[in-house]
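Report on the following structure.
The values are calculated or read from the model by the stated rules, or taken from the named source; none is laboratory data. Quantities reported herein were computed from a predicted structural model and do not represent experimental measurements. Heads up, the Cβs are rebuilt from the backbone with ideal geometry, glycines too, and the neighbour counts pull from every protein chain shown. Accessible surface is based on the protein model in full, side chains and every heavy atom, while ligands, DNA and RNA are left aside. Shrake-Rupley method; radii C 1.70, N 1.55, O 1.52, S 1.80 Å.
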Amino acid sequence: MLTPHEPLSTSILVMMYFGEVVFAVSGALTAARYRMDIVGYAMVGTVTGIGGGTIRDLLLGRTVWWTEDPTELLLCLTASLATFFFIRHDISHRKEMIWADALGLSVFGVVGCYISLQQGTPFVIAVFMGMITATGGGVIRDVLTNNVPMIISCGQPYATVALLGSLCYATLRYLEVPEIPSEAIACGA
Amino acid sequence: MLTPHEPLSTSILVMMYFGEVVFAVSGALTAARYRMDIVGYAMVGTVTGIGGGTIRDLLLGRTVWWTEDPTELLLCLTASLATFFFIRHDISHRKEMIWADALGLSVFGVVGCYISLQQGTPFVIAVFMGMITATGGGVIRDVLTNNVPMIISCGQPYATVALLGSLCYATLRYLEVPEIPSEAIACGA
Amino acid sequence: MLTPHEPLSTSILVMMYFGEVVFAVSGALTAARYRMDIVGYAMVGTVTGIGGGTIRDLLLGRTVWWTEDPTELLLCLTASLATFFFIRHDISHRKEMIWADALGLSVFGVVGCYISLQQGTPFVIAVFMGMITATGGGVIRDVLTNNVPMIISCGQPYATVALLGSLCYATLRYLEVPEIPSEAIACGA
């Protein structure tokens, strides 16, 4: 294998799990919009959940984290299937979902930045990796469902949130500051 | 380079070559449907043939196998070009082709699972890697030709076959059992 | 990290920077055609500039070069933003741009081939890697903007140029011969 993993701090792990579930649900909701079957839900949801982190790990030459421990693969799969079985209405425009999405973006920005700094990359690269972690899953989701990725077609809110999450963390080297979710909801609204 | 390759058993190698040729032909037939030129045939065919295995190797942190030995690259290229020069009719709906496709899927599922176990991944991951090996090439093919990947839009037969191939192998740790191709044709029909 | 980088020769570095700027501008012009906002310009431009080399490095198991040194990321970003701010007309059909594009393709072919040979890959693989370096960025650009990649839909001129650049270099192991740009413009015209 490649670079062995240094252990992640608990707060980063919690954020990562949160982000993955949020994105898996958002991916599964996209599958719903295209009236896919259960396989489509599972695939699009899982890929959206773990896609951003996978791209980051590949680019950094890090072992892709979920290949060693199936927890997160199963977590995303469960979230996608739960969406398939339990969610009846399209909740992607509900206020809670927009909040969760925005929070997921900034959280993933922080996680990506944290991991990238841990690998010893320069500051600029770490911020960029934060953005990739945050937006990568969505880009793969949109490419698979044959859309122009939202980050590109109307990317300002997304990019801003992801960049802010990543940038704030990199500068403060500190846990998320409360401006980020507020900024996020401002953009999402 | 990364992890050095442990030698693959002959039966796995034969299965791999078979799968690659089948998928290269299937990719080239897709190129035919879009009336592409010879470059299109060669590219789409080759990418479909080696795409799934490439994604698997990248995710596992393994040296991408065809970068060390051009045999398989040339094999896929030859299969694609043979399709361009010799195949006059669209054979993608012929019974033999459906059989071959289904067999290719389950065979690739077994190969991916075998390699993944060889790398020491957990059971769940190995099954998942089998699925990725089997379906990855087709996903890339569909993304390149600007379609929603079949595994997502109507994925149940594909996913079932690939999953069965991978799962059977992982549980039996044994060569392909005869149920798989029959299951496959049942799905493909 | 993975294989440490051997230093690249200055002429290769100059070619690489040239190719990246040309492709970043070409990516940003594509963003212009889709009337994207500034984030779209920056993303599509940057991805087009560094995409081909990134795919090559991942496949070769080489550290993705721009994760260690932000120069080239910033270069592509600057080129994309300069296109956004300063270029008023669509210059993608101007003669200079076609020249630059063709030159960028063959230059990237040479760079990819050089790096691949440096990694000790066989001859055929090196030529193939040259092609991937040259065309990869454009493929990602087209997939992101939801098009069938040009290399596939009408790929002969592109593939020819990239292949020529790569092949000439591999055979001559020598700097670009003057036939390449002339061949290129012939195809582009």
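Of all residues being surrounded by fewer than 23 Cβ atoms within 10 Å (Cβ to Cβ) and not polar (S, T, N, Q) in the stretch B:143-154, which is modelled with the lowest pLDDT? Just the residue, please.
Narrowing the stretch B:143-154 to residues surrounded by fewer than 23 Cβ atoms within 10 Å (Cβ to Cβ): B:143, B:145-148, B:150, B:153-154.
Next cut, not polar (S, T, N, Q) only: B:143, B:148, B:150, B:154.
Details: B:Val143: 83, B:Val148: 75, B:Met150: 68, B:Cys154: 61.
For the stretch B:143-154, the residue satisfying everything is B:Cys154.
Among C:Tyr174, C:Tyr158, which is the only one that is buried (at least 20 other Cβ atoms within 10 Å of the Cβ), modelled with pLDDT under 65 and closer than 24 Å to B:Pro70 by Cβ? Give the steps one after another, and end with the answer.
Values: C:Tyr174 fails: buried (at least 20 other Cβ atoms within 10 Å of the Cβ).
Among C:Tyr174, C:Tyr158, only C:Tyr158 is buried (at least 20 other Cβ atoms within 10 Å of the Cβ), modelled with pLDDT under 65 and closer than 24 Å to B:Pro70 by Cβ.
Just the residues that are open to solvent by 10 Å² or more (accessible area, probe 1.4 Å) and at the interface with chain C (Cβ under 9 Å from one of its Cβ atoms), please, taken from the stretch A:119-134.
A:Gln119, A:Gly120, A:Thr121, A:Pro122, A:Phe123, A:Val124, A:Phe128
Among the numbered conditions (1) under 28 Å from A:Val127 (Cβ atoms); (2) part of a helix (DSSP H, G or I); (3) at pLDDT below 85, tell me where A:Gly45 comes up short.
(3)
Considering only the stretch B:9-21, I want to know if a residue exists there that is in contact with a Lys or Arg (Cβ under 6 Å, 6 or more places away or on another chain), at pLDDT 80 or above, assigned to a helix (DSSP H, G or I) and buried (at least 22 other Cβ atoms within 10 Å of the Cβ).
First pass over the stretch B:9-21, keeping only residues in contact with a Lys or Arg (Cβ under 6 Å, 6 or more places away or on another chain): none.
Within the stretch B:9-21, none of the residues are in contact with a Lys or Arg (Cβ under 6 Å, 6 or more places away or on another chain), at pLDDT 80 or above, assigned to a helix (DSSP H, G or I) and buried (at least 22 other Cβ atoms within 10 Å of the Cβ).
Given the residues B:Ile55, B:Ile115, B:Ile50, B:Ile132, which is the only one that is at pLDDT 80 or above, under 19 Å from C:Leu59 (Cβ atoms) and touching a strand residue (DSSP E or B) at 6+ places or on another chain (Cβ under 8 Å)? Please lay out each step first, then the result.
Numbers: B:Ile55 fails: touching a strand residue (DSSP E or B) at 6+ places or on another chain (Cβ under 8 Å); B:Ile50 fails: touching a strand residue (DSSP E or B) at 6+ places or on another chain (Cβ under 8 Å); B:Ile132 fails: touching a strand residue (DSSP E or B) at 6+ places or on another chain (Cβ under 8 Å).
Only one candidate qualifies: B:Ile115.
Could you tell me whether C:Ile98 is away from chain B (no Cβ under 14 Å) and either within 14 Å of the chain's Cα centre (by Cα) or at pLDDT 80 or above (or both)?
Working: away from chain B (no Cβ under 14 Å): yes; either within 14 Å of the chain's Cα centre (by Cα) or at pLDDT 80 or above (or both): yes.
Yes: the conditions hold for C:Ile98.
If a residue must be of a type in the set (Phe, Trp, Tyr), within 9 Å of chain A (Cβ to nearest Cβ) and surrounded by fewer than 22 Cβ atoms within 10 Å (Cβ to Cβ), how many such residues does the stretch C:46-86 contain?
0
Cβ-Cβ below 6 Å, separation at least six or inter-chain, first residue in the stretch C:31-42 and facing another protein chain (nearest Cβ under 7 Å), second open to solvent by 30 Å² or more (accessible area, probe 1.4 Å): which pairs?
C:Asp37/A:Gln156; C:Val39/A:Gln156
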